[in-house]
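Worksheet for the structure shown next.
The values are calculated or read from the model by the stated rules, or taken from the named source; none is laboratory data. Since the structure is predicted, the reported quantities are computational estimates derived from the model, not experimental observations. Positions of Cβ are generated from backbone atoms using ideal geometry, with glycine treated the same way; all protein chains shown enter the neighbour counts.
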Amino acid sequence: MKINPQDYIGKAIFITATNTNVGKTFASEVFLKYFAKNGLKVGYFKPIETGVIDNSPLDGLKMFELVKKLNPNFLKLTINDIVPYQFTLPASPYVAKENSKIDIEFLKKKKEYLQKFCDVLIVEGAGGLMVPIEKDFFMIDLIKEFNTKAFLITPSKLGSINDTLLSIEALKNRKIDFDFFINLYLDIDSFDKVSKPFLEDYFKELKFLQDL
Ligand code: GTP
Ligand code: MG
């Protein structure tokens with residue numbers, strides 16, 4: 001896999017996906033371990049998590065536990081630093097937050113604060129690129145505000161060609177620098193026959209999370 005850990009020192013990477021449940025948290029774990037193995041101090045940030053019950057953001061807590069083991073600097077932080085906005089309803093942030101406000105400037109400052117504790121900060125979005133945060137502000141706009149490179153996680157199941165191309169169109173449209181990684185997981189047995197022939201012809205080189 002051609003990603004050079006040294007290129008990411010002092011940077012944040014925004015992990016997004018073609019949709020919810022495609023494998024952003026799984027990918028975050030893969031990248032955290034990959035960068036840590038290569039000597040980088042890693043960090044994790046999930047600006048907004050929904051579907052949070054009993055003050056336990058599942059993605060945030062799982063990755064926070066991992067990061068504390070990989071980079072003891074994160075022991076000084078709390079789960080509220082890692083996941084500042086937590087909402088109960090398992091829905092888009094716009095719907096889940098009801099009448100409360102999400103302060104984008106606050107999130108930008110929080111991101112910069114967390115970057116002080118690590119060499120590379122893995123930021124996990126919620127859902128896909130066009131998930132609304134405010135009525136006219138989407139997850140893709142948060143990536144732009146954060147001024148980070150995006151890693152787009154795409155599925156291997158039937159439909160992945162369409163989903164991948166649509167998300168890439170959106171990223172190009174916003175002039176967001178990105179790389180994309182296929183999560184070889186669903187329909188793994190049929191991927192080579194069903195989706196890979198086009199993807200390989202179109203993109204020439206494919207990157208798989210499982211190769212990291
Ligand atoms: P949200 O944050 O809820 O939008 O989802 P997500 O994009 O972070 O997806 P997540 O990584 O949570 O993956 C969804 C489910 O599929 C989880 O139960 C994962 O454990 C499982 N999963 C995803 N990718 C893989 C994989 O490559 N291998 C295995 N074993 N499980 C996977
Ligand atoms: Mg997740």
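Could you please find all residues in the range 165-190 being among the charged types (D, E, K, R) and touching a residue at least 60 places away in the same chain (Cβ under 8 Å)? Walk me through it before giving the result.
Initial filter on the range 165-190 (among the charged types (D, E, K, R)): 169, 172, 174-175, 177, 179, 187, 189.
Matches in the range 165-190: Asp179 only.
Would you call Glu105 assigned to a helix (DSSP H, G or I), at pLDDT 95 or above, acidic (Asp, Glu) and within 20 Å of Leu32 (Cβ to Cβ)? I'd like the intermediate steps shown before the answer.
Details: assigned to a helix (DSSP H, G or I): yes; at pLDDT 95 or above: yes; acidic (Asp, Glu): yes; within 20 Å of Leu32 (Cβ to Cβ): no.
Answer is no for this residue.
Is one or more of the residues making up the range 114-129 touching a residue at least 12 places away in the same chain (Cβ under 8 Å), exposed (fewer than 15 other Cβ atoms within 10 Å of the Cβ) and of a type outside the set (Val, Ile, Thr)? No. In the range 189-206, of all residues being under 18 Å from Ala17 (Cα atoms) and surrounded by fewer than 17 Cβ atoms within 10 Å (Cβ to Cβ), the one that is nearest to ligand 1 (Cβ to nearest atom) corresponds to Leu206. Scanning the range 108-131 for residues that are part of a loop (DSSP other than H, G, I, E, B) and over 22 Å from Asn173 (Cβ atoms) yields Lys116, Phe117, Cys118, Asp119.
Of all the criteria given as (1) more than 12 Å from ligand 2 (Cβ to nearest atom); (2) part of a loop (DSSP other than H, G, I, E, B); (3) surrounded by fewer than 18 Cβ atoms within 10 Å (Cβ to Cβ), the one not satisfied by Pro90 is (1). Considering the range 71-87, and only residues there that are in a helix (DSSP H, G or I) and hydrophobic (A, V, I, L, M, F, W, C), the residue that is farthest from Ala36 (Cα to Cα) turns out to be Ile79.
Within the range 1-31, track down each residue that is outside any loop (DSSP other than H, G, I, E, B), of a type outside the set (Phe, Trp, Tyr) and more than 13 Å from ligand 2 (Cβ to nearest atom).
So in the range 1-31, the residues outside any loop (DSSP other than H, G, I, E, B) come out as 5-8, 11-17, 24-31.
Now narrow it down to the ones that are of a type outside the set (Phe, Trp, Tyr): 5-7, 11-13, 15-17, 24-25, 27-30.
Within the range 1-31, Pro5, Gln6, Asp7, Lys11, Ala12, Ile13 qualify.
Determine, yes or no, whether Asn21 is out of contact with any helix residue (DSSP H, G or I) (no Cβ under 7 Å at 6 or more places or on another chain) and not basic (Lys, Arg). Yes: the conditions hold for Asn21. In the set Lys68, Lys62, only one residue is in a helix (DSSP H, G or I), away from ligand 2 (no atom under 16 Å from the Cβ) and within 28 Å of Tyr185 (Cα to Cα); that residue is Lys68. Per this entry, Phe87 is counted among residues that are without any contact (Cβ under 8 Å) to a residue 60 or more places away in the chain and in contact with a strand residue (DSSP E or B) (Cβ under 6 Å, 6 or more places away or on another chain).
Select from the range 130-140 the residues that are surrounded by fewer than 21 Cβ atoms within 10 Å (Cβ to Cβ) and touching a residue at least 12 places away in the same chain (Cβ under 8 Å) and write down the one among them that is farthest from Lys41 (Cα to Cα).
Lys135
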